[in-house]
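Quick notes on the structure that follows.
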Amino acid sequence: MHRINDSLSQLKKQIQASAARAGRNAKDITLLGVSKKQSDDKIIAAIEAGLEDFGENYLQESLSHIELAQSSTVVNKPKWHFIGPIQSNKTRAIAENFAWVHSVDRLKIAQRLSEQRSEALGKLQVCLQVNIDGEASKAGASKNEVAELCLSINQLPHLQLRGLMIIPRARNNYDEQRQVFAQARELMQKINRDHKLTMDTLSMGMSADMDAAIAEGATIVRIGSALFGARS
Ligand SMILES: *Cc1c(COP(=O)(O)O)cnc(C)c1O
């Protein structure tokens, strides 16, 4: 069996090293373990090893993972982040079961999440997903609509707009990886400046490009295979 303990401490070291190279504090970077298509054993092992944040893409599967964590004997229950595509008939379950949603990509979804979030749970933390490379096959708002969407989402009573999430197309050159992450950082900074917003989150970087993302200001890195091993 894949040793979650080892890969978790390995990843934390890598985050430390990337942060140090970038002159950043590793405490400002959250490791989000992406547990889609992983076994119950691995998820429990990761919780026991101290992983605090889990990312999920598929609603049905995520609910069973959340249930698994709830019923486990582990004292510190993890926080759940929804990072997959969202259909409007799924928003209620997402609003009720997650602390964060990274994949809001249109106003209608944001409005439904806000309406369906119960007061008792506190605000749902959200990022706007941006289709940073303008790929036809990818979800996300287009760059030219991001500012307006941020302003509208920022008005919704039960959401807290935290920042931007991107899934760039794969690049194997480090400098090119940094360039696309820098674009996301600059876009968020510009919107904050122009509209007096206080977004503080860049959800970017996966197993293959985490170092470049941290160099450009990622505050949440989303790591699946490098933590849990290959997906089933
Ligand atoms: C699957 C997934 C990840 C994790 O990818 P790895 O390459 O396994 O690290 C990160 N973000 C999103 C949105 C994903 O769907």
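Here is how the numbers come out for the structure above:
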item	result
Cross-chain or 6+ apart pairs with Cβ under 6 Å, segment 207-232 first and under 15 Å from Glu56 (Cα atoms), then basic (Lys, Arg) and near the ligand (Cβ under 9 Å from one of its atoms)	Arg231/Lys37; Ser232/Lys37
Failed item, numbered, when Leu202 is tested on (1) open to solvent by less than 50 Å² (accessible area, probe 1.4 Å); (2) within 9 Å of the ligand (Cβ to nearest atom); (3) closer than 19 Å to Gln16 by Cβ; (4) among the hydrophobic types (A, V, I, L, M, F, W, C)	(2)
Hits in segment 25-58 (condition: in a strand (DSSP E or B), of a type in the set (Val, Ile, Thr) and more than 12 Å from the ligand (Cβ to nearest atom))	Thr30
Candidates Thr91, Thr73, filtered to the one that is among the β-branched types (Val, Ile, Thr) and open to solvent by 20 Å² or more (accessible area, probe 1.4 Å)	Thr73
Hey, Asn5 surrounded by fewer than 17 Cβ atoms within 10 Å (Cβ to Cβ), out of contact with any Leu (no Cβ under 6 Å at 6 or more places or on another chain) and closer than 27 Å to Ile109 by Cα or not	no
Top-ranked residue in segment 13-33 [being out of contact with any Leu (no Cβ under 7 Å at 6 or more places or on another chain) and under 24 Å from Asn57 (Cβ atoms); ranked as most open to solvent (accessible area, probe 1.4 Å)]	Gln14
Residues satisfying the stated conditions in segment 210-230, i.e. within 14 Å of the ligand (Cβ to nearest atom) and either under 18 Å from Ser103 (Cβ atoms) or in contact with a Gly (Cβ under 6 Å, 6 or more places away or on another chain) (or both)	Ala213, Ala218, Ile220, Val221, Arg222, Ile223, Gly224, Leu227
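The values are calculated or read from the model by the stated rules, or taken from the named source; none is laboratory data. All values derive from a computational prediction rather than experimental measurement. Glycine gets a Cβ as well: all are built from the backbone with ideal geometry, and neighbour counts include every protein chain shown. Ligands, DNA and RNA are excluded from the accessible area calculation, which covers all protein heavy atoms including side chains. Shrake-Rupley method; radii C 1.70, N 1.55, O 1.52, S 1.80 Å.
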